[in-house]
1. Taking the convex hull of the alpha carbon atoms in the range A:1-98, what volume per residue do you get, in Å³?
2. For A:Lys57, go through the lysines and keep the ones whose alpha-carbon is under 26 Å away, minus same-chain ones fewer than eight residues off.
3. Evaluate the relative contact order of the range A:39-113 (contact order divided by residue number), counting alpha-carbon pairs under 8 angstrom at least 6 apart; express in whole percent.
4. Only loop residues by DSSP count here, and only those with at most 14 other Cβ atoms within 10 Å; note down the chymotrypsin sites (Phe, Trp or Tyr not before Pro) in the range A:6-113 that meet that.
5. What's the local net charge at B:Lys96, with K and R +1, D and E -1, over the other residues with C-beta under 12 Å away?
6. Per residue, what accessible area does chain A have, given a 1.4 Å probe and all protein chains present, in Å²?
7. Between the range A:43-80 and the range B:54-99, what is the C-alpha centre distance in whole Å?
8. If one computes P(r) from the Cα atoms of the range B:69-109, what percent of pairs lie at distances over 14 Å?
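The values are calculated or read from the model by the stated rules, or taken from the named source; none is laboratory data. Being a predicted model, the structure only gives us computed values, none of them experimental. Cβ: placed from backbone, ideal geometry, glycine included. Neighbour counts: every protein chain shown. The accessibility values were calculated without ligands, DNA or RNA, using every heavy atom of the protein model including side chains. Shrake-Rupley method; radii C 1.70, N 1.55, O 1.52, S 1.80 Å.
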Amino acid sequence: KAGVTQTPRYLIKTRGQQVTLSCSPISGHRSVSWYQQTPGQGLQFLFEYFSETQRNKGNFPGRFSGRQFSNSRSEMNVSTLELGDSALYLCASSVTSPSYEQYFGPGTRLTVT
Amino acid sequence: GQSLEQPSEVTAVEGAIVQINCTYQTSGFYGLSWYQQHDGGAPTFLSYNGLDGLEETGRFSSFLSRSDSYGYLLLQELQMKDSASYFCAVSTNAGKSTFGDGTTLTVKP
């Protein structure tokens, strides 16, 4: 089975712009979660989608949003980018929710200048 | 909310056994998972405990005590390639996963 894929792998944006990141889960996985990881920090939960519904959301401002499509692919969007949004954004898929056995993609490295 | 505590760093020698503890506070607890992350890589799933007790997967074992809100990851016969960050993660019934800040394991020859 193919693993979780994320596109793009690297992205450079300027403050004020918006960005959309994409995640394709492992075939058959219906849950997708998104995380933000900054240097020296753990993984901060952004949100989880299951069957196109957002089940839970972390403590991030409304500039961070996401969605899931009927084929379980997911996108996350960050509007009005700030310097502090520079991070590695990871998505993880699992068969079901609660997602206790998650498989991570390689991540998208976002740099905001 | 949820909170997890795990040691920030652990050092051990090849062939040794190391235990990484994790204590948590959460509502709606569903289970405790462990992930490994090498520098520059993505986290990889190691183990999951939904019920009290020990789960063994090769050289790695994980333990959970729900009454104590405590778990640990045990790594045996340490190898150099085990040098990595290890994260415990709590999942809740509501579908939220909270990760600890990670434990950096350094294995020395």
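1. Cα-based convex hull of the range A:1-98, divided per residue, equals 99 Å³.
2. A:Lys13, B:Lys96
3. Over the range A:39-113, the number comes to 22 percent.
4. Here the chymotrypsin sites (Phe, Trp or Tyr not before Pro) that fit, given the DSSP loop and packing criteria, are A:Phe69.
5. In short, +1.
6. Averaged over the residues of chain A, the accessible area is 46 Å².
7. 26 Å
8. 57 percent
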